[in-house]
1. Could you state the orientation-averaged shadow area of the convex hull built on the Cα atoms of the chain, in nm² to one decimal?
2. Under a crude label model (7 Å from the Cα following the beta-carbon direction), how far is E27 from E88 in nanometres?
3. Mind listing the long-range amide H neighbours of D10? Cut-off is under 5 Å, sequence gap 5 or more, other chains count too, H placed in the peptide plane at 1.01 Å from N.
4. Add +1 for every Lys or Arg and -1 for every Asp or Glu among the other residues with Cβ under 10 Å from the Cβ of A77, and state the total.
5. Putting +1 on Lys and Arg Cβ atoms and -1 on Asp and Glu Cβ atoms, find which of V84, A5, I61 reaches farthest to the positive end of the dipole of the range 1-90.
6. Local charge sum around A60 (other residues, Cβ-Cβ under 10 Å, Lys/Arg +1, Asp/Glu -1)?
7. With n ≥ 4 as the cut-off for DSSP H runs, can you work out [θ] at 222 nm for the chain, using -39500 (n - 2.57) per run divided by the number of residues, rounded to the nearest 500?
8. Can you give me the long-range amide H partners of S66? Hydrogens built in the peptide plane at 1.01 Å from N, cutoff under 5 Å, separation of 5 or more residues or another chain.
Amino acid sequence: MSVFAAELIDLELVASDKVAAITSLAERAVAAGRGSDASQIVKDVIARDEMGTPQFDGVAIPHARSAGIDVASVLVARSADGVVFDPEEPGADVIFMILVPEGGGDEHIAILSGLARRLMDPEFTAALRTSESAEALVAVLSNGEGN
């Protein structure tokens with residue numbers, strides 16, 4: 001099963017802050033059958049976020065291992081208003097939330113490093129912001145990643 005799927009994408013996220021964004025994505029993961037406990041996912045992502053959330057050019061990448069997730073997953077959201085993860089950075093208009101099961105080792109770090117490499121490509125980041133459907137965005141994300 002791929003870490004990317006259309007049901008894990010929200011192209012019109014409305015969230016007043018990072019907790020609301022993380023909660024919305026955690027609920028989406030559970031609704032998609034990828035996890036069983038949205039509140040545990042939120043707790044784990046927020047705890048990990050206290051160490052800092054990677055952010056590159058308007059793309060925030062909160063991530064965590066969580067007992068609330070059953071299948072490694074990458075949730076993606078776009079926010080017209082931006083969501084602040086780091087008060088020193090502007091709000092992120094694209095959010096990747098990487099979740100792996102608690103016993104998943106460093107799988108989320110491998111996914112994170114792969115995304116970080118791809119974020120250096122202006123065509124990739126443009127496609128993140130302009131893909132018109134969740135399916136089109138999955139195609140962009142899956143291209144060349146083998147996931």
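Values in this text are rule-based calculations from the coordinates and carry no lab data. Computed from a predicted structure; not experimentally measured. Here Cβ is always computed from backbone atoms with ideal geometry, including for glycine, and neighbour counts include all displayed protein chains.
1. The number I arrive at for the chain is 7.6 nm².
2. The answer from the label model is 3.3 nm.
3. V76, A77, R78
4. Around A77, the charge tally is -1.
5. A5
6. Value of the local net charge: -3.
7. -11500 deg cm²/dmol
8. V100, E102
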